[in-house]
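The values are calculated or read from the model by the stated rules, or taken from the named source; none is laboratory data. Because the structure is a prediction, the values reported are computed rather than measured. Because the Cβ atoms are built from the backbone with ideal geometry, glycine has one as well, and the counts that use them run over all protein chains shown.
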Amino acid sequence: MIKKLFDWTPRDIAYWEKIQEKGLGKFILMYGVVVTGGLLFIIFGLVTLFGWFKQLGGASATRDQSIFLLGLLGFVALVCLVAGVINSLITWVVEQRLYRKYKAHG
C-alpha cells in the first residue's frame, strides 16, 4: 500500500483516470457507501447482533427488545454510512493530489 503512494505505474494512472471520468458522486456511492460502509456494517452489525443474542441468554426476545435491536442496527448503519462517505472523500482527495503530482512530473 505504501509503495502505491510513491510509485504509480502508467496502469495506475489510467485506472484513476477511468474513476475520475465517472465522477466524485459515483465514487462516493460505490467506494464509500457500498464497499466501505457496507463492509463496516456487516462487521459491526454482526458484532451488535451477536452481542444482543448473548445478552438475551437464550430467552425469547420481547417486542420492545426487538424494536431496540432494530434501532441499534439502524444507528450502526448510519454510523457506517457516514464513515464510508468520509473515507471515500479522503481517498478521493489523496488520490487526486497524487495523480496531479505524477501527471506534472511524468
Does any residue of region 3-11 turn out to be at pLDDT 95 or above and under 26 Å from residue 95 (Cα atoms)? no
Among the helices (runs of 4 or more DSSP H) lying completely within region 8-74, list those that include at least 3 residues that are over 23 Å from residue 104 (Cβ atoms) and either in contact with a Cys (Cβ under 9 Å, 6 or more places away or on another chain) or of a type in the set (Val, Ile, Thr) (or both). 38-56
Only unsatisfied item for residue 76, checking (1) under 26 Å from residue 100 (Cβ atoms); (2) surrounded by 13 or more Cβ atoms within 10 Å (Cβ to Cβ); (3) of a type in the set (Val, Ile, Thr), is (1)
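Matching residues to (1) touching a His at 6+ places or on another chain (Cβ under 8 Å); (2) of a type outside the set (A, V, I, L, M, F, W, C); (3) at pLDDT below 95; (4) surrounded by 16 or more Cβ atoms within 10 Å (Cβ to Cβ):
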{"residue": "27", "(1), (2), (3), (4)": "no, no, no, yes"}
{"residue": "37", "(1), (2), (3), (4)": "no, yes, no, yes"}
{"residue": "46", "(1), (2), (3), (4)": "no, no, no, no"}
{"residue": "57", "(1), (2), (3), (4)": "no, yes, yes, no"}
